[in-house]
Amino acid sequence: MNATVPEEPDVKARKHFKAKVCLVGNPAVGKTSLVRRYVMNSFDDRYLTTVGTKVSKKPVRVVDPSAELDADVDLMIWDIMGQPGFREMLKDAYFFDAKGVLAVADLTRKDTLEDLKNWIRAVEGVTGKVPIVVAINKADLTAEAGYSTAEAVQAAEVLGADVFLTSAKTGSNVEEAFRRLGARVLRHAVRGNGNHE
């Protein structure tokens, strides 16, 4: 008896990447809350100082027909303590091998936007140029905004980054920001600058 064996789907086009990404930004901008919302879809109003770092993992499927990309990316999300004094102490160990950065600012505090360039400089001093997405967090507090959307866009352009207005509280644009970061990391890796299995 002859049996017809169905053809295996073309899996050679889809790769599996693992990518370490770091969250950076000043204390209390909502880095930990963004990770919690993205990974576990929850929110906690209490501010908990992150001690050192916490690593969370979430898979992201990236499909971009225009770039012929179809891949699964395991984002290893490193949430790093925000105190500026830790930049020098932590940068070698925690930024090493990072493939991308989610740079987080607080919509109600302009200094947190201005300080992003220092955070990015610290990361890139270890990693070289990597994809960056800026998350302007606490977008639910527009009445208390300390700067305009135009200023946020301009700051992101200077960093060569995409920008999203996010709210860890409502979940607005959180998934989108991380997905964009995953897509940018994948494109960067496909150009020969990253690791895959």
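Structure above, values below:
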read-out	value
Residue match in segment 22-32 (condition: assigned to a helix (DSSP H, G or I), at pLDDT 85 or above and touching a Ser or Thr at 6+ places or on another chain (Cβ under 8 Å))	yes
Residue in segment 152-172 that is surrounded by the most Cβ atoms within 10 Å (Cβ to Cβ), counting only those that are free of Cβ contacts under 8 Å to residues at least 40 places away in the same chain and closer than 16 Å to residue 111 by Cα	156
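The values are calculated or read from the model by the stated rules, or taken from the named source; none is laboratory data. Note that the structure is predicted; figures quoted are calculated from it, not measured. Neighbour counts are summed over all protein chains in view; Cβ atoms, including those assigned to glycine, are modelled from backbone coordinates with ideal geometry.
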